[in-house]
Structures are given as structure tokens and as C-alpha cells.
Amino acid sequence: MSAIPTAPPPTDSDEQLLAQLGYRQELRRKLSGFSNFAVSFSIISILAGAITSYGIAMAAGGPLSITVGWLFVGGMVTLVALAMAEVCSVYPTAGALYWWASALAQRNKPAWAWFVGWFNFLGEVAVTAAIDFGAATTTMAFLSLTTGVTVTAWNTFLVFLVIIAAHGLLNTFGVNLVKILSDVSAWWHLVGVAVIVVVLAVVPDHHKPVGQVLFEVKNATGFSFAGAAVYAVLLGLLMAQYTYTGYDASAHVAEETHDAARSAPRGIVSSVVVSVIAGFFLLFAITWAIQDYDAEAASALKLPPAQIFIDASGRRLGEFLLLICVVGQFFCGMASVTANSRMSFAFSRDGALPGSRIWRKVNPRTGTPTNSIWLCVVCSAILVVPSLWNTSAYLAATSIAVIGLYIAYVAPVFLRLRHPDFRPGPWNLGRWSRPVGWTAVGWVVFITILFVLPAAWPITWANFNYTIVAVGVVVLAAWLWWRLGARHWFTGPRHTVAEPADVDAGSVG
């Protein structure tokens with residue numbers, strides 16, 4: 001067996017910490033604390049998730065799910081983010097979630113790393129697919145309004161392919177370009193939301209009563225059993241829960257961030273908190289400006305907010321508001337490919353993906369994992385293929401993203417809570433660590449069950465929620481691969497420098 005290469009002496013505290021964790025500096029460390037925040041904020045993207053999945057909550061729960069549901073889910077997600085950030089402060093590596101699981105597990109470390117990594121990979125691919133498919137849906141609505149092109153499944157899929165290919169190319173060019181576009185994206189989202197809120201507050205001739213905006217319930221799921229309205233409201237929480245995904249990106253780009261032990265945890269938490277606040281104003285304004293609920297929900301544009309913009313502010317101004325969303329969603333997808341590729345690169349660096357020798361290569365010219373970028377693009381495109389015949393494809397992609405990511409999010413938190421010797425890093429929750437952590441774990445257990453349940457009745461091939469099938473296939477494949485071979489050779493994170501310090505239970509914190 002060849003010896004692990006010894007890295008050159010680390011040149012700063014970030015490289016020293018990374019060396020203690022067992023890795024040499026391969027990726028370019030170019031991101032500031034703001035840029036780290038901007039990547040996660042761009043992936044959460046209230047101009048993407050909250051707009052493209054608005055119709056989910058409009059049909060399941062209505063305004064109550066959209067506005068109050070947003071705040072409730074936002075509060076629970078903030079707890080998850082806080083618990084994750086505390087672990088990230090100790091282990092700021094690109095592998096993030098599966099690496100943390102390996103470090104914190106007291107037994108079966110390789111198995112924990114293996115399954116958490118596969119859940120993370122599934123979630124990353126699904127969220128990229130959902131973001132760019134949503135961006136294609138919004139783009140098609142914009143093109144339909146401005147050029148008259150017909151919105152069809154094939155046209156939307158073709159636009160999706162163009163968008164995700166563009167995101168692959170932009171990420172291939174290097175981290176400097178990603179940094180610039182991520183910084184622009186953060187400001188675009190903040191200013192864009194402000195513009196939409198002001199227009200929808202000032203321009204419409206009339207608004208819905210505030211009481212209806214906050215508490216009205218709608219149920220267009222087809223379920224009519226006793227308590228169906230409550231069930232619908234719970235299903236509608238998927239809009240918010242899906243939007244609040246991707247903030248683990250701050251951890252995945254930690255090896256490219258200055259002062260990562262503090263900046264990456266701050267990026268995780270601040271991206272969620274800012275999204276909760278700005279997203280509520282956006283969703284309240286859109287729901288407040290509804291002119292004809294039933295007509296806008298059934299709009300041929302396949303995107304209820306687009307019809308609401310037009311009805312509330314007029315054709316031209318409505319198109320301008322939609323254009324703001326189109327650009328924001330493009331930024332969002334670009335950042336998602338960035339995070340997805342870094343996770344895949346790190347997982348391949350540890351030999352866990354088929355063809356790892358290919359995906360772990362770093363382009364010496366750009367300092368980016370080029371092959372991993374295109375692996376993520378292709379996998380995400382495959383996941384969207386069912387949209388050509390299944391009307392629930394977007395809902396399924398969002399559910400798969402939520403389940404895959406959130407299981408990966410809280411598994412390390414669960415292990416940290418059970419580890420008696422965990423020593424926090426420079427960013428920590430102090431005495432609030434355990435109550436926050438256990439609440440986060442409980443919430444994820446609840447939503448994992450909720451979002452595999454049927455979302456419409458009667459169930460047909462066209463509206464079947466295939467989330468449970470997609471998740472089950474990946475879990476079964478990962479389990480079979482583990483049992484038939486991987487457990488004999490996968491030992492968890494592999495070090496790229498000799499003799500790293502003991503990183504178990506936060507010893508580098």
C-alpha cells in the first residue's frame with residue numbers, strides 16, 4: 001500500500017485546522033464570510049423555492065400554510081441550523097455531514113459515514129433537480145407571457161436542460177466566478193424581494209383581508225375525510241420546508257472559506273434567519289395581492305405567483321416582477337451545483353461513489369472539481385425525466401430533497417447529542433445545545449414521515465408521489481452495496497496528509 005503523502009507545512013490557521021482533520025489544502029480558499037453566507041442564502045433562495053412551490057401550499061392548506069406555516073417551519077429549521085452549525089464549527093470540511101457522522105459515532109463509524117453520505121448525496125442531487133426544474137417552470141411562464149410560447153412538459157424539460165448545463169459551465173470556470181455571482185445573488189435576492197413587496201403593496205386596487213392572508217384554509221387535494229383540512233395544511237408545509245434546504249452549502253465550501261470554524265457556522269444560521277424574515281414579507285405580499293384565488297391557482301402558466309403578479313400589477317409590471325424571480329432562480333441553481341459538486345468531490349475523495357477516481361479529481365487550472373460538477377448535473381437531469389409524464393414530478397423532487405437532506409442534517413446532531421465527550425468549537429450554543437438539538441431531531445423525524453404520504457386523491461399514475469420509491473431505491477442500493485462489499489473496504493473519511501491529529505468528538509475545537 002502506498003504511503004499517504006505528507007502535505008507542505010500549512011501556511012495559515014485554516015490550513016492548519018484542515019491538516020489536523022487529515023486533509024491538505026486542494027481547493028482554492030477564496031471565499032469571505034459574506035460569500036459563504038451568500039452561497040447558502042442563494043440556494044435557499046426565497047425567489048426560487050417560495051415562488052416555484054407556492055402552488056403546493058396554495059392547493060394544500062392555502063394561506064395558512066403559506067404565511068403562518070412559513071414562520072412555524074422557519075422556526076423549526078432555525079433550530080436544525082443552529083444544531084448543525086455547532087458541529088460545523090468543530091469540523092469545517094467539504095465532506096461536512098457524513099464526515100461529522102464518522103467523527104461523532106462511537107460505534108460503526110464507517111457505516112454511519114456511508115449512509116449519511118448517501119442521504120446527503122441523494123438530497124443534494126434532488127434539490128439541484130428541483131431548483132432548476134422550478135427555474136425552468138418560471139422561465140417558461142415568463143416566455144409564455146412575453147413571446148406567446150406554449151407551456152408544455154417537453155418545452156419545460158428542454159429549458160431545464162439548458163439551465164442546468166449553463167450552471168455546470170459556470171461552476172467549471174472556477175471559484176472566483178462563483179464567488180462574484182454568489183455575492184451578486186445575495187443582493188439580488190434582498191433588493192428583488194423588496195421591489196416585489198413594495199409593488200404588490202402599493203399598486204393593486206384591492207387586497208385580501210389580513211385575517212384571510214394569515215388564517216384562511218384551502219383544500220384542493222381531493223381528500224375529504226374528517227380532518228382532511230388539517231392534513232392538507234400539514235402537506236402544505238412542504239413549500240416552506242423545501243425552500244429551507246441547501247444551507248449545508250456553507251459547510252461544503254468551508255475548505256474554500258477564510259476563518260472557516262466561525263464563518264461557516266455563521267453562514268449556515270444567518271442564511272436561514274434572513275430567509276425566514278425576508279421570505280415572510282414576500283409571501284405575505286403575494287398572498288395579500290391575490291385577486292381571484294381559484295383562477296390564479298388554476299392558471300395555464302403553471303405558476304400561480306406569475307398570474308398573481310399580472311392580475312395585481314398589470315401585464316408589463318407583472319412580467320418585470322417575474323423576471324426578478326427568473327434571475328434569482330438562475331443564481332440559486334448555480335449555487336446548488338456548487339454545493340452538490342463539493343459534497344460529491346469530498347465523498348469521492350473518500351472512495352464512496354462509483355468511479356471515485358474520476359469524480360475526486362481537481363482541475364489544476366481552475367481549482368474546481370470539474371468531473372464532480374458534471375456528475376451532479378447528469379444525475380439531477382435524470383431525476384427530472386419523469387416530469388415528461390408525471391404531474392407530481394416537481395412535488396416528488398422537493399420531497400426527496402427534503403427527506404434526503406434533513407436526515408443527513410440531523411444524523412450528526414443525533415450522534416453529537418449521544419457523545420459524552422463532545423467538545424464544542426469556537427462557535428457553539430452553550431447550555432442550549434441539547435434542547436435545541438433534540439427538538440431538531442424530533443422535527444426531522446416528523447417531516448420524514450409526513451412527506452412520503454399521498455399528496456392527492458384519488459391516486460393515479462399521473463399524480464403518484466414517487467418520493468418513497470426514489471428514496472427507497474437509493475437506500476436499498478446503498479444497503480446492498482454496503483453488505484455485499486463496501487463494509488469490507490470503506491473505512492470512512494480517508495486522510496490526504498500523514499498523521500492527522502485525533503479528531504474524534506471535537507478534539508480540534
Report task. Could you tell me what % of all Cα pairs in the range 174-314 have separations over 27 Å? Result -> 37 percent
**Report entry** Reduced Cα scattering model of the chain, Debye log10 I(q)/I(0), q = 0.08, 0.09, 0.11, 0.12 Å⁻¹
**Finding:** -0.45, -0.57, -0.86, -1.02
Report summary line: The helix 175-202 Cα axis meets the longest alpha-carbon principal axis of the chain at an angle in degrees, between 0 and 90 and rounded to 10, of 30 degrees
Query raised in the report: Can you list the lysines whose alpha carbon sits under 21 Å from that of residue 302, skipping same-chain ones fewer than 8 residues off?
Result: 218
Report summary line: Taking max minus min of the Cα coordinates of the range 60-159 on each principal axis, largest first, gives extents in Å of 59, 33, 23
Query raised in the report: What base-10 log of the normalised intensity I(q)/I(0) is obtained for the range 276-362 from the Debye formula, alpha carbons as equal point scatterers, at q = 0.16, 0.21, 0.24, 0.25 Å⁻¹?
Result: -0.71, -0.97, -1.17, -1.21
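Could you give the dipole magnitude of the chain about its Cα centre, charging the beta-carbon of Lys and Arg +1 and that of Asp and Glu -1, in debye to the nearest 20?
Details: 28 positive and 24 negative charges, 194 e Å.
I would put it at about 940 debye.
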Report summary line: A correct Stokes-Einstein calculation for the range 377-453, using the alpha-carbon Kirkwood radius, 10 °C and 1.306 mPa s, returns a whole-number D in µm² s⁻¹ of 107 µm²/s
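Quick one: dipole size for the range 254-350, taken about the Cα centre, charges +1 on Lys/Arg Cβ and -1 on Asp/Glu Cβ, in debye to the nearest 20. Can you show the working numbers first?
Values: 7 positive and 9 negative charges, 43 e Å.
Its charge dipole is roughly 200 debye.
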Query raised in the report: How many angstrom separate the Cα center of the range 251-279 from the Cα center of the range 292-356?
Result: 21 Å
Query raised in the report: With axes computed from alpha carbons, what is the tilt in degrees of helix 315-349 against the longest principal axis of the chain, rounded to the nearest 10 within 0 to 90?
Result: 20 degrees
Report task. Please give the contour-minus-distance gain from residue 385 to residue 71: 0.36 nm per residue of separation, less the Cα-Cα distance, rounded to one decimal in nm. Result -> 109.7 nm
Query - Rounded tilt (10° steps) of 393-418 against the dominant C-alpha axis of the chain - result: 40 degrees
Query raised in the report: Setting aside same-chain residues fewer than 8 positions from residue 179, which lysines have a Cα under 22 Å from its Cα?
Result: 30, 361
Query - Inter-label distance for residue 34 and residue 320, nm, one decimal - labels placed 7 Å from Cα along Cα-to-Cβ - result: 2.7 nm
Report task. Evaluate the Debye formula for the range 103-225 with equal point scatterers sitting on the alpha carbons, no solvent, and hand back log10 of I(q)/I(0) at q = 0.21 Å⁻¹, in q order, two decimals. Result -> -1.23
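Rule-based calculations on the coordinates, nothing more; no lab input. Source: prediction; values computed, not measured. Positions of Cβ are backbone-derived with ideal geometry, glycine not excepted, and every protein chain shown enters the neighbour counts.
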